[in-house]
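The values are calculated or read from the model by the stated rules, or taken from the named source; none is laboratory data. Predicted, not measured: the structure shown is a model, and the values here were computed from it. Neighbour counts run over all protein chains shown; Cβ positions are idealised from the backbone, glycine included. Remember, those area values only see protein heavy atoms, side chains included, never the ligands or the DNA or RNA. Shrake-Rupley method; radii C 1.70, N 1.55, O 1.52, S 1.80 Å.
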Amino acid sequence: DMQGRGVGAALLRAVEEHTEDVRRFTLHTGDRSVANIGLYRKIGYVETHRTIVSDTLSLVHMAKQAENS
């Protein structure tokens, strides 16, 4: 119900802003989660690699350098 209202981006930014001594943030999501991947790219995450889990699922791994690094 809340998708597209900026809640996910706000939550990620809050974590990033309230975390000290972090050089890099990493996350992963399923390859079919196109909206999630788009959100992560929009706020600065880049794909680092993919992990095949099964014939129908791969995980997309993404990372972002912390601004304080």
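Evaluate segment 33-44: report whether one residue or more is farther than 26 Å from Thr56 by Cβ, open to solvent by 50 Å² or more (accessible area, probe 1.4 Å) and part of a helix (DSSP H, G or I). So far as segment 33-44 goes, yes, one or more of its residues are farther than 26 Å from Thr56 by Cβ, open to solvent by 50 Å² or more (accessible area, probe 1.4 Å) and part of a helix (DSSP H, G or I).
For segment 58-69, a residue qualifies if it is modelled with pLDDT under 95 and open to solvent by less than 50 Å² (accessible area, probe 1.4 Å), and exactly one does: Ala66.
If the condition is being over 11 Å from the mean Cα position of the chain (by Cα) and either modelled with pLDDT of 95 or more or open to solvent by 50 Å² or more (accessible area, probe 1.4 Å) (or both), then segment 14-29 contributes Val15, Glu17, His18, Glu20, Asp21, Arg23, Arg24. Residues that are modelled with pLDDT of 95 or more and of a type in the set (Lys, Arg) do occur in segment 40-57, at least one of them. Of the listed requirements (1) open to solvent by 80 Å² or more (accessible area, probe 1.4 Å); (2) in a strand (DSSP E or B), Glu47 misses just one: (1).
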